[in-house]
Structures are given as structure tokens and as C-alpha cells.
Amino acid sequence: MKFDSGTCLPINEIFVTIQGEGSFSGTPSIFIRLQFCDVGCHWCDTKHTWLLNEDNIINFEELVTKERDSNKFSWCKIEDIVKYIEVNYPQIKHVVITGGEPCYFNIYLLCDQLEKLGKQVQIETSGTAEIKVTDNVWVTLSPKINMAGGKIVLKNSVARANEIKMPIGKQYDISVLEDFLKEHDYLLTNKIKIWLQPLSTNNTATKICFNEALKNNWNLSIQVHKYINCR
Ligand code: SF4
């Protein structure tokens, strides 16, 4: 079945840009965006990835020539994705697998093949699905708590995280983060980096993140790519 085999994945886009968030901020990166998510964040900026509507299927050629956000996606073989990256982006060493929610699919094989190509792989996940990746993959967990889809952030996913990136829109979100960290106190004892990310580069949210970063020795993730008008 397409959902489970890990040999074929629904891809919304593949593109290159500068990673603008978290520990790899500033790093030239190949982004692979998977289609589908039912977490239901009301502020989501990739709502076009939410549905796996069969009417929106395109072929691989159309996928890699996409120039703007759309709900079109392609069921891609892992070997085609890896080959495309090998041929077109040999110089870029960092790959970010994102979504949608990439962990609704078995991405182990994709990670494994990219690493065999010499790439460092990072995934961005909400933590609401089991993380099936190789040991070297850098896991950025952006916990989505109490969202409309009713999904739970899984303990195992939190335990696999290499960094936590918390979207912050208002002061209340800080207290949600504090409760989350209390619940998973090993994140603090293991000194995993905590990133505060203002929603939509909003000024009020940025100010809250700035103040709370200084107060708690957390880090500020300002989505650099948005300031330089890139995806
Ligand atoms: S988890 Fe990510 S893709 Fe899914 S709704 Fe939330 S922000 Fe959007």
C-alpha cells in the first residue's frame, strides 16, 4: 500500500533555498515537502498540503517545475527523488524533509538513500506520528498542542527530537511550552535547544519571543528566508 511501503511517497514540492529556521539556519538546503496533514493548525502556512486529493495528482516532471504553492502533488518513487537530487543538486549537502506532516509516511528508506548520497538529512515534524528515520537524521520537533485535529504529541517522538521549535503567536503559547517542557523534563536536563519561532514574522510575537529567549536562555528562530523573500 502506498502509505506504508516507504518506496513511494506523495510529494508536494522539491526546491532549494536557505534553511531559515532553527539550528541549521543559513544552510543551503534541498527541501522535500510531503503532501498530507490533519493536525489542523489554524495558522498553518502550508494548508495546500493538507489533503491527498487524487484529482490533484501530477507527474514528476510537473512536480519539479512547480513555481508556486499549490495542492498538486505527485506519488514519487524514492529512486526518482534521489536521482533527481543527485543530478541537479550535487553541491548542496543538507536535505530537509518537511510537510504537511512527513511522519505520517515511512520515510526511512528516503533518509537512508539520501545519506548514502552523502547528504545530511533533517526532518521537521509535529511529533504526532511515529518517527521512522535513520539514526543520523536530525529531528526538529515543532510540537503542535491542542490543535483542531485533536492529535497528541507522542512521547517517543519527543524523545527522538534533536531540537524543539515552538511556534509562538501570543504570550499564552509560552505557558503551553512551559507545561510541555515540564511534562518532558528530560528535554531540559539533556540541554536540547529550545527555539521560539514567532508566527508569520509578526512584530508582537517576535517581541514576546525575544524577551522569553533572554529570560529563559532559549533561542530565537526568525525564519530568515522570509526576510530575504525566499520560500
Ligand atoms: S502540523 Fe504543520 S503542516 Fe500540519 S497543520 Fe500544523 S503547521 Fe500545517
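The values are calculated or read from the model by the stated rules, or taken from the named source; none is laboratory data. In this text, all values refer to a predicted model and were calculated from it rather than measured experimentally. Note that we place each Cβ from the backbone using ideal geometry, even for glycine, and neighbour counts take in every protein chain shown. Each accessible area value is taken on the protein alone, full model and side chains, heavy atoms only, with ligands, DNA and RNA left out. Shrake-Rupley method; radii C 1.70, N 1.55, O 1.52, S 1.80 Å.
Each principal axis of the chain carries a Cα extent, and these read 48, 35, 35 Å when sorted largest first. Loop-resident trypsin sites (Lys or Arg not before Pro) (DSSP state other than H, G, I, E or B) in segment 1-105 with no more than 10 further Cβ atoms inside 10 Å of their Cβ: ARG68.
Pairs to check: LYS144/LYS193; LYS193/LYS215; LYS47/LYS182. Give those whose C-alpha atoms are more than 21 Å from each other in this structure. Those over the limit are LYS47/LYS182. The simple spin-label model puts a point 7 Å past each Cα toward its Cβ; for PHE15 and THR189 those points are separated by 4.3 nm.
For the residues LEU181, LEU220, LEU110, a GNM of the chain with alpha-carbon springs under 10 Å puts the largest fluctuation on LEU181. With protein chains left intact and a 1.4 Å probe, residues in segment 2-227 average 47 Å² of accessible area per residue.
Computed about its Cα centre, the charge dipole of the chain is approximately 500 debye, with only Lys, Arg, Asp and Glu carrying charge at their Cβ. Which is the longest part of the chain that has none of the GluC sites (Glu not before Pro) sitting in a DSSP loop with at most 16 other Cβ atoms within 10 Å? Between the exposed loop sites, the longest stretch runs 131-231. Here the spin labels are modelled as points 7 Å beyond Cα on the Cα-Cβ line, and at ALA148 and ASN202 they lie 1.6 nm apart. Extension gain for ASN71 to ILE228 (0.36 nm times residue separation, less C-alpha to C-alpha distance): 54.1 nm. The residue list SER126, VAL153, THR27 was ranked by how far each Cα lies along the charge dipole of segment 2-227 toward its positive end, using unit charges on Cβ atoms, and THR27 comes out on top. The simple spin-label model puts a point 7 Å past each Cα toward its Cβ; for ILE58 and ALA159 those points are separated by 4.1 nm.
Rolling a 1.4 Å probe over the protein heavy atoms of the chain, with every protein chain left in place, gives an accessible area that is 51 percent carbon and sulfur. Straight-line cross-link reach from LYS116 at under 26 Å between alpha-carbon atoms covers these lysines, not counting any fewer than eight positions away in the same chain: LYS2, LYS77, LYS83, LYS93, LYS132.
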